[in-house]
Amino acid sequence: MKLSNQPQIDLWNGRVGAKWAAMQVSLDAMMAPATGELTARAGSVAGLQVLDIGCGNGETCAVWLDGGAAVTGVDVSEAMLAVAAARTGGRARLIQADASDWRGDLPFDLAVSQFGVMFFADPDLAFRAIAANLRPGGRLLFTCWRAVSENQWVALPMATVRDLLPESPPAAPHAPGPFALADKDRLTMILQSAGFNHVSIEAHDFPVCVAREGGVDAAVRFLMQIGPTGAALAEVDETGRRQAQERLRSALTVHDDQGYVVLGGAMWIVDATVSL
C-alpha cells in the first residue's frame with residue numbers, strides 16, 4: 001500500500017509554503033552557496049529538457065532557463081509556484097503536483113532538485129517515478145541535508161531552545177522532512193532500487209546565511225520562522241517564544257560579523273543516471 005504524502009502536501013500548500021513564498025529573498029540568500037554548487041555540478045544545460053523537482057520559489061528554474069534549458073517545475077505549493085511564475089516570466093512550465101507520482105508527457109534529460117526530495121512518505125516509489133520521467137541514460141542531480149548534528153544552522157538553535165519545547169515522542173528516523181535522506185547508505189540503496197546507477201553521493205559543507213544585514217536580531221527572526229527550530233517554536237506560547245528569542249540572541253552574538261550572520265551547513269550532492 002502506498003503511503004500518503006498528504007500531511008506534507010498540506011504543510012507545503014498551507015502555512016509553510018506561504019511563509020517560504022513571503023520570505024523568498026531571505027531564503028535565496030540562505031541557499032545561494034548551495035545553488036552555486038548545484039549549478040556548477042550540472043554543467044551546461046543548453047538544449048536539455050530539465051525537470052525541477054520541488055522547484056519552490058523558482059530560483060533554480062531561473063538558473064536552468066538562463067542556461068538555455070526547457071524547464072518544467074513541479075511543486076505542491078500554490079503560493080511558491082506563484083512566486084516562481086513571476087520570476088520566470090512564463091518561460092517555464094510550472095505544475096502543481098506531487099512529484100512522487102507525477103508523470104510528464106515527455107522524457108527528461110535531467111531531473112534536478114535543491115532540497116526538494118526529502119519529503120516523500122515512500123521514497124522508494126517516489127524515486128522510481130522520477131526515474132520513469134527520465135530518458136534511458138538520463139541524469140538525476142540533487143542536494144539534500146546531511147545529519148542534524150552536522151548542520152550548525154539547525155543544531156545550535158535547537159539545542160538553545162530545546163527545553164522550552166512541548167514534550168513529544170521522537171520522530172521516526174526516516175520520517176518525511178528535511179533530514180529524511182541523511183543516511184548515505186540508505187539513500188544509495190533507494191536510488192539503486194529505483195533503477196539508478198553510477199550513484200555518487202558527495203559531502204559538501206557550505207555557509208548558511210541566516211542574516212545578510214540586521215545582525216543578530218534579523219538572524220533570530222529568521223530562525224524563529226524557518227527550518228526545524230521555526231516549526232518547533234510554532235507550538236510554543238508567547239512567554240516561551242520570548243525566552244527563546246533572548247536565548248537565540250545570546251547564542252548568535254558570536255556569529256555576527258558587521259550585521260552578517262552565518263552558520264555551518266552540510267549537504268549531500270547526489271549524482272546518478274538511469275540505467276540504459
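What follows is calculated from the coordinates using simple rules that are stated; it is not laboratory data. This is a predicted model, so every value here is computed, not measured. Cβ coordinates were reconstructed from backbone atoms using ideal geometry, including for glycine residues, and neighbour counts include every protein chain displayed.
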**Item:** Percent RCO, i.e. relative contact order, over region 6-274, from Cα pairs under 8 Å lying at least 6 residues apart
**Value:** 20
**Request:** For Asp256, enumerate residues with amide H under 5 Å from its amide H, sequence gap 5+ or separate chain, H modeled in the peptide plane.
**Result:** none
**Item:** Evaluated over the chain, the Cα radius of gyration and Dmax, each in Å
**Value:** 18.5, 58
**Prompt:** Counting other C-beta atoms within 10 Å, which of Asp105, Asp257 has the fewest, and how do the rest follow?
**Reply:** Asp105, Asp257
**Message:** Shape verdict for region 1-127, please, from the Cα gyration tensor: rounded (a/c under 1.5), prolate (a/b greater than b/c) or oblate.
**Reply:** oblate
**Antiparallel DSSP beta bridges within the chain, percent to nearest 5** = 55
